[in-house]
Amino acid sequence: MGFNNPYAWALLPLVGLIILMYMLKQQHEEMEISSLYLWEKVLAQSEVKKPWQKLKNNILMLMQLLAAFLIIMALSNPFLTKGKALGGNIIIVIDRSGSMNASYEGKTRLDIAKSMAEKAIVESDNSSVFTLISIDKTANVEFSGVADKQEAIKAVESLEKTNMSGSIKVHLSLIKSIYKQFESANVLIYTDEEVALEDMSGEIIALGGYGSNVGIGHISYSQDSGEYTVLVRVENSSQETEKRELALYGEDRLLGLKDLELAPGESSNVLFEGIDTVYKYLMAELTEEDDLPEDNRAYLVLESTDPKSVLLFSEKNIFIEKALSSIKGLEVYKTDDINISAEGYDLYIFDGIMPTKLPDDGSLFFVNPREGNPYFKSGETIEGGRADILEHSLNENIDGYNFYIGKMKALEKPYWADALIKVGNNTAAGAGVYEGRKIAYTAFDIHDSDFPLDASFPIFMYNIAAYLTDMEHQGKSYYFTGEIIPLNFISGIQEAVMEDPDGKKTSIGEELLDYGYSDTNSIGIYKLSYKKDQDERERILAVNFPREEGIDAFQGQWEGERKEGNRRGYSLMGLNLQAPIIIFVLLLLAAEWMVYIRGN
Amino acid sequence: MGNGIFEPEFLKRLERLSINMEKLTAAGSGGLRKSRAKGNSVEFSDFREYAYGDDLRRVDWNAYGRFEKLFVKLFMEERETMVNIFLDCSKSMDFGTPKKSVMGIQLAAVIAFLALNNMDRLCINLLNNDTVISSNVLGGRGQFDRCAAFLDKIRFEGTTNMDKAIKMKKFGGRGLSLVISDFFTQGSLEDLMKYLMFYKQDIVLLHVLSPQEINPELQGQIRLKDSETGEMVDVDLTASIYDKYRQTLNNFISSLKEIAKKYGGTYVTISSGDSLEKVLFEDMITTQIIK
């Protein structure tokens, strides 16, 4: 209970005035008696002697006292509080990263956060304006400036769990900038992550805690003589020793089972050997349910074993040959016969020489193209210089490197190509798609540069070859939830459809291929079906729960934080009692009048 | 007589009464009160053999004739008693319907009448304001008019400290002391009794209460005013208060009885609302104060 106008209680002494008036008013019928001798003895043993006892039986005065008290109370504008209510601008931030799926007594942290946020909305002042931000991999402003509580509650209710990794800390600057938009605001952050309010006022409601959880942190494989060896790392993030059973499935078939016992914080690498190579993907699973079931499964896609074939037209370029042969999944063939009519290769590389007839299929890579090349306007030979590897998706991991070129051709960069390496204003290397064909080129002879001596050379060759042969990216046998799966590894495809583990199908337009597929919230195997060269093709991708979410989820408890700031956001609100009290006073006065009339 | 209490008929009845004195005093001159001492009265008591020195006039010669032995006739010695009446003249006595003072005066007059009629010596003492105003010592039936005149002039006013006031009285010897009061008094009643005992007084306490005091019939919020001191007390008269009052009154009466008994006295509660006849012929005869 609180009072909006506590100063009214200063009038309380007036109640004493009423009592005084009554005491003065009390008219006793005066009666002379012989002696008070006996009466004094009677009164000595009777309470009636005490002044306040005189008030007994005086119902009128008691009613007046009560009325006066209540009037003062009404003036003080009392209200019943249900805790302190927030008012003004309220920014509700709900963490819905993977760790918020950790459950406690059957409810996930996200459920608890949602119900607490709904309660906060219900209990807030009616003048409140809400902004809701959900944090997963990104910060999503679900709504802003909503004054309708029901609408706000509905939006909170509709927040769904995600399996993504996410951190409030990363998005704190966004929250702050929204906070600063308002003259005054309060932030309510519901999270299991330990963060600070910094200069914002409001409250961090900490939902973290300990729990029982063992998760799969990593899964990988290696190939050896036609068999796979699979490594699974299992991590215990509980505070107690946990026993688990780890199962490995090849697609739907159980391949192995292992029992584990892990001390708190311990991680264990489990090897499954002799795995047959017939499976498209593997799944490791911890069979027991725990407080965070999402990290109990991990998928792994086994790479397609189809090698890509490359035909290298070269006189004696050992550098290119060596660089290509080190690339896994490429079968390199070499020729210096320019008269052969080649076909059926995924990639043709022309190192300084040109065949009489260019092949009709596959991608093309020209090194130091000669005059008469139909794709380039060949220029004169010019002095080289420092060659800079430009920032480009094809220059992954080598952008910013440089090397020196002795001499090069002043090739005009074709309109369809992107520059990859530049010497001054001249393009030294480029790549692009021309008439549905991927074509790359360098305007210099490798031998006229120190490029092969640089660490960037094999990577550059790998990137170019992977691009030109549609070779799959290596090392990405699985993705994490929330991660964007790049789809630019394939070109010239039509009608791509992604089916997620829940069976939901999404068709992907050509223009989105470069962006990739981002709806990767579900854990499991995604199937990408697409058409290329009139062939129906399929590719599977694995998406796993982010390791750090499982580890961080059970790092313990902290108290949260609360800052009331300038308190402008808070208002002492609740059920206002002024009106009911006034009504009661009126009734009381009416009753008093009745008593008075009867008394007379 | 101002108080108009003595009707001839009433007096006639009184003549048949006398004050009962258990302990007749040995001292004092001859009166009509029978003494334990044998002596000079017309009332025969006993015979005894003549001894040397006996008054020859008292020898019963008829007996000598029959027994040839000298016997002396013994007669009751009739002696007078000193009767002291102490009348409380405080304002509180002048209260009640009928007034306690009237009853007090009537009682004093009746006792005076009885005493004089019995040839006792009488002194009426008015207790007021810590002092005692005593009448002359009266004796003989003819003195009753003087006595009545004295009683007629009494004014009831002020307060009385009976203990202090009575101690102002000097006693000549044994006697009978009757105290007529409502005993709403300051001072210790016990001290008073001791004082009277010291002077070998037979004590009679006549406790006069008005009907209003015995059974007050007030109601509601009353401001009670003490008639003597003017002191006021506000009382909310409820049933429980009445119960307490009655209890207090009973305790008061019991304590007076106790004190009287302790010092060999007699105590009577008298309501001023009762008729004098009832008081005399019931209350006082029952307690054997008069017979």
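The values are calculated or read from the model by the stated rules, or taken from the named source; none is laboratory data. Every value quoted in this text rests on a predicted model; they were computed, and no experiment measured them. Cβ: placed from backbone, ideal geometry, glycine included. Neighbour counts: every protein chain shown.
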Mind counting the residues in region A:344-392 that are within 47 Å of the chain's Cα centre (by Cα) and among the small types (Gly, Ala, Ser)?
-> 5
May I ask you to list the residues in region B:252-262 that are more than 8 Å from chain A (Cβ to nearest Cβ) and either of a type outside the set (Asp, Glu) or on the phi > 0 side of the Ramachandran plot (or both)?
-> B:Ile253, B:Ser254, B:Ser255, B:Leu256, B:Lys257, B:Ile259, B:Ala260, B:Lys261, B:Lys262
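Looking only at region B:263-278, which residues are away from chain A (no Cβ under 14 Å) and either under 30 Å from B:Arg13 (Cα atoms) or assigned to a helix (DSSP H, G or I) (or both)?
Across region B:263-278, the qualifying residues are B:Gly264, B:Gly265, B:Thr266, B:Tyr267, B:Val268, B:Ile270, B:Asp274, B:Ser275, B:Leu276, B:Glu277, B:Lys278.
Could you tell me whether any residue of region A:135-144 is assigned by TED's automatic domain parsing to the domain that holds A:Thr162 and without any contact (Cβ under 8 Å) to a residue 12 or more places away in the chain? So that I can check it myself, show each step before the final result.
From region A:135-144, those assigned by TED's automatic domain parsing to the domain that holds A:Thr162 are A:135-144; that's our starting set.
Within this subset, residues satisfying the condition of being without any contact (Cβ under 8 Å) to a residue 12 or more places away in the chain are A:140.
Yes; the residues of region A:135-144 include at least one that is assigned by TED's automatic domain parsing to the domain that holds A:Thr162 and without any contact (Cβ under 8 Å) to a residue 12 or more places away in the chain.
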Residue pairs meeting the criteria (Cβ under 8 Å; at least 6 apart or on separate chains; first more than 7 Å from chain A (Cβ to nearest Cβ) and assigned to a loop (DSSP other than H, G, I, E, B), in region B:230-242; second of a type in the set (A, V, I, L, M, F, W, C) and surrounded by 15 or more Cβ atoms within 10 Å (Cβ to Cβ)) = B:Thr238/A:Val48
Return yes or no: is A:Tyr441 surrounded by fewer than 23 Cβ atoms within 10 Å (Cβ to Cβ) and of a type in the set (Ser, Thr, Tyr)?
-> no
Only one of these conditions is not met by A:Lys413: (1) under 22 Å from A:Leu364 (Cα atoms); (2) without any contact (Cβ under 8 Å) to a residue 24 or more places away in the chain; (3) surrounded by fewer than 16 Cβ atoms within 10 Å (Cβ to Cβ); (4) charged (D, E, K, R). Which number is it?
-> (3)
On the given criteria, is B:Phe198 surrounded by 15 or more Cβ atoms within 10 Å (Cβ to Cβ), free of Cβ contacts under 8 Å to residues at least 60 places away in the same chain and more than 14 Å from every other protein chain (Cβ to nearest Cβ)?
-> no
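For region A:360-381, give me each residue that is out of contact with any helix residue (DSSP H, G or I) (no Cβ under 7 Å at 6 or more places or on another chain) and either buried (at least 17 other Cβ atoms within 10 Å of the Cβ) or of a type in the set (Ser, Thr, Tyr) (or both).
The initial filter retains those residues of region A:360-381 that are out of contact with any helix residue (DSSP H, G or I) (no Cβ under 7 Å at 6 or more places or on another chain), namely A:360-362, A:364, A:366, A:368-381.
A:Gly362, A:Leu364, A:Phe366, A:Asn368, A:Pro369, A:Tyr375, A:Phe376, A:Ser378, A:Thr381 - these are the residues of region A:360-381 that are out of contact with any helix residue (DSSP H, G or I) (no Cβ under 7 Å at 6 or more places or on another chain) and either buried (at least 17 other Cβ atoms within 10 Å of the Cβ) or of a type in the set (Ser, Thr, Tyr) (or both).
Do we have B:Val208 as in contact with an Asp or Glu (Cβ under 6 Å, 6 or more places away or on another chain) and either in a strand (DSSP E or B) or assigned by TED's automatic domain parsing to the domain that holds B:Lys99 (or both) here?
On the way: in contact with an Asp or Glu (Cβ under 6 Å, 6 or more places away or on another chain): yes; either in a strand (DSSP E or B) or assigned by TED's automatic domain parsing to the domain that holds B:Lys99 (or both): yes.
Answer is yes for this residue.
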Can you spot a residue in region B:158-167 that is under 30 Å from A:Ala44 (Cβ atoms) and surrounded by fewer than 16 Cβ atoms within 10 Å (Cβ to Cβ)?
-> yes
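Return a yes/no flag: does region A:142-153 have any residue that is buried (at least 22 other Cβ atoms within 10 Å of the Cβ) and modelled with pLDDT of 85 or more.
Looking only at region A:142-153, we keep the residues that are buried (at least 22 other Cβ atoms within 10 Å of the Cβ), and these are A:152.
If we keep only those that are modelled with pLDDT of 85 or more as well, we get A:152.
The answer is yes, given that some residue of region A:142-153 is buried (at least 22 other Cβ atoms within 10 Å of the Cβ) and modelled with pLDDT of 85 or more.
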Is region B:213-228 home to any residue that is under 21 Å from B:Asp94 (Cβ atoms), more than 9 Å from chain A (Cβ to nearest Cβ) and crowded, with 22+ Cβ neighbours inside 10 Å?
-> no
With the checklist (1) surrounded by fewer than 18 Cβ atoms within 10 Å (Cβ to Cβ); (2) within 21 Å of B:Gly264 (Cβ to Cβ); (3) within 16 Å of the chain's Cα centre (by Cα) in hand, flag the one item B:Gly172 doesn't pass.
-> (3)
For region B:201-212, how many residues meet the condition of being within 12 Å of chain A (Cβ to nearest Cβ) and closer than 24 Å to B:Ala165 by Cα?
-> 3
Filter result for B:Ile180 (of a type in the set (Val, Ile, Thr), within 27 Å of A:Trp39 (Cβ to Cβ) and in contact with a helix residue (DSSP H, G or I) (Cβ under 6 Å, 6 or more places away or on another chain)) = yes
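If you go through region B:195-205 one residue at a time, do you hit one that is outside any strand (DSSP E or B) and under 16 Å from B:Asp94 (Cα atoms)? Let's see the steps before the verdict.
Going through region B:195-205, the residues outside any strand (DSSP E or B) turn out to be B:195-200.
Next cut, under 16 Å from B:Asp94 (Cα atoms) only: none.
No, there is no match, as no residue in region B:195-205 is outside any strand (DSSP E or B) and under 16 Å from B:Asp94 (Cα atoms).
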For region A:377-410, name all the residues that are in a loop (DSSP other than H, G, I, E, B), closer than 17 Å to A:Gly432 by Cβ and either modelled with pLDDT of 85 or more or basic (Lys, Arg) (or both).
-> A:Lys377, A:Leu390, A:Glu391, A:His392
Filter region B:179-195 for residues that are within 14 Å of chain A (Cβ to nearest Cβ) and either hydrophobic (A, V, I, L, M, F, W, C) or buried (at least 23 other Cβ atoms within 10 Å of the Cβ) (or both) and give the result.
-> B:Ser181, B:Asp182, B:Phe183, B:Phe184, B:Thr185, B:Leu189
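Of all residues being among the β-branched types (Val, Ile, Thr) and within 60 Å of the chain's Cα centre (by Cα) in region A:39-88, which is modelled with the lowest pLDDT? Just the residue, please. Write out each step before concluding.
Our first condition is that a residue be among the β-branched types (Val, Ile, Thr); within region A:39-88, this holds for A:42, A:48, A:59, A:71-72, A:81.
Remaining after also requiring within 60 Å of the chain's Cα centre (by Cα): A:71-72, A:81.
On the way: A:Ile71: 90, A:Ile72: 89, A:Thr81: 63.
Filtering first and then ranking leaves A:Thr81.
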Is it true that some residue in region A:229-250 is surrounded by fewer than 20 Cβ atoms within 10 Å (Cβ to Cβ), more than 30 Å from A:Ser518 (Cβ to Cβ), among the aromatic types (Phe, Trp, Tyr) and out of contact with any helix residue (DSSP H, G or I) (no Cβ under 7 Å at 6 or more places or on another chain)?
-> no
